[in-house]
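For reference, the structure discussed in these notes is given below.
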Amino acid sequence: MGSWNWPFARKDMEVYGATGYAITVGPDQVRLRLQHEKQEQLTTAPPLAGPQQNSLSYLSAVLRGELQPKAI
């Protein structure tokens, strides 16, 4: 459950699927384990560039017409 009341920045999420899981660890690391693997792997995600670094920069760029949001 999300909350805006944390006294520090939390950037974690857990996703479970039929063949494995992904758990974020901080803003740039992901623990992955796929079906038939004995251990999970820790990977580091590359940093996002420019206004996509955080949600407020992204929103600002969209409002200024610098970015076109993608429909999901």
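The values are calculated or read from the model by the stated rules, or taken from the named source; none is laboratory data. Note that the structure is predicted; figures quoted are calculated from it, not measured. With ideal geometry, Cβ positions are generated from the backbone for all residues, glycine too; neighbour counts draw on all protein chains shown. Side chains included, ligands, DNA and RNA excluded: accessible areas come from the protein's heavy atoms. Shrake-Rupley method; radii C 1.70, N 1.55, O 1.52, S 1.80 Å.
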Self-check item: Per residue accessible area of the chain, 1.4 Å probe, in Å²
Solution: 93
Quiz item: Which order do Y21, Y16 take by accessible area at a 1.4 Å probe, largest first?
Solution: Y16, Y21
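Evaluate the relative contact order of the chain (contact order divided by residue number), counting alpha-carbon pairs under 8 angstrom at least 6 apart; express in whole percent. Working shown, then result.
Values: 72 pairs, mean separation 10.8, N = 72.
Value for the chain: 15 percent.
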Quiz item: Share of segment 14-72's accessible area from carbon and sulfur, percent, 1.4 Å?
Solution: 57
Quiz item: In nm, to one decimal, how far is the W6 label point from the H36 one, both placed 7 Å along Cα→Cβ?
Solution: 3.5
Quiz item: Once you charge only the Cβ atoms, +1 for Lys and Arg and -1 for Asp and Glu, what is the size of the charge dipole of the chain about its Cα centre, to the nearest 20 debye?
Solution: 60
Quiz item: Once the whole set of protein chains is in place, how much accessible area is left on T19, using a 1.4 Å probe, in Å² to the nearest 10?
Solution: 80
Quiz item: From the list [x] 3, 15, 25, 23, 15, 9, 6, 3, 1, 0; [y] 3, 17, 29, 22, 14, 9, 4, 2, 1, 0; [z] 3, 13, 15, 17, 18, 17, 10, 4, 1, 0, can you say which value of P(r) over Cα pairs in 5 Å bins from 0, in percent was derived from the structure given?
Solution: [z]
